[in-house]
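Below is one structure, written out as structure tokens, with a few remarks after it.
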Amino acid sequence: MTATYDLIFSGEIDDSVKEAQVRKNVAALFKASPAQVEKLFSGKTVVLKNGLDETTAKKYQAALKKAGAVCQLRQKQPENAPAPQPEASPQATSEPNASSEPSSSDKTQINNPGAGITVAPVGADVQDKKPDPHYDIPDTSSISLRPQSGYLVDPSQDEPPPAPDTSHITLDSKD
């Protein structure tokens, strides 16, 4: 199985080229809009291309270097291979909080189960069970049913409506 690489860019530029020129070159290289180029130079690490073979990845890296952008290649691990341990970069060693080793307070919290942080076993419910909703049941004691037959209301119980008043209507012909 051949190795595949990711082309990674984190906003670094070559010191010999001005940033505006690098942005312009990268926009032309990728045919990107100014908004897309702005996202690339936000300072966050962005994967520009993934799944490249080694020669293609190095071609992209050389083209970006020529444009003034500094990018790195990261080899992808096959799914069944273990992940490599991260290497310490010169920038990471100069920063005190950037080490991959947990601090002594982190170790205390991890190793001390009384510290308030625990890990639930796989498949366990981690949220408290919600109580069943309570609905008020209406009082139906005054309702009675009658056997199903015929009409709901007996015709004998229903009084006919009064006849309409037509005394104001006349049949006068105007010739």
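The values are calculated or read from the model by the stated rules, or taken from the named source; none is laboratory data. Note that the structure is predicted; figures quoted are calculated from it, not measured. Note: ideal-geometry Cβ built from the backbone for every residue, glycine included; neighbour counts use all protein chains shown.
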| request: Determine which member of the set PRO102, PRO84, PRO121, PRO113 is within 22 Å of TYR5 (Cα to Cα) and at pLDDT below 85. | output: PRO84
| message | List the residue pairs whose Cβ atoms are under 7 Å apart, where the first residue sits in the stretch 8-24 and is more than 14 Å from GLU38 (Cβ to Cβ) and of a type in the set (Asp, Glu), the second is modelled with pLDDT of 85 or more and surrounded by 15 or more Cβ atoms within 10 Å (Cβ to Cβ), and the two are 6 or more positions apart or on different chains. | response | GLU12/VAL70; ASP14/GLY68; ASP14/VAL70
| Per-region count, the stretch 39-62, residues under 22 Å from the mean Cα position of the chain (by Cα) and free of Cβ contacts under 8 Å to residues at least 40 places away in the same chain | 7
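Per-residue answers, yes or no, for (1) surrounded by 13 or more Cβ atoms within 10 Å (Cβ to Cβ); (2) touching a strand residue (DSSP E or B) at 6+ places or on another chain (Cβ under 7 Å):
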| site | (1), (2) |
| --- | --- |
| THR2 | no, no |
| PHE9 | yes, yes |
| ALA35 | no, no |
| VAL47 | no, yes |
| ALA62 | no, no |
| LYS66 | no, no |
| VAL70 | yes, yes |
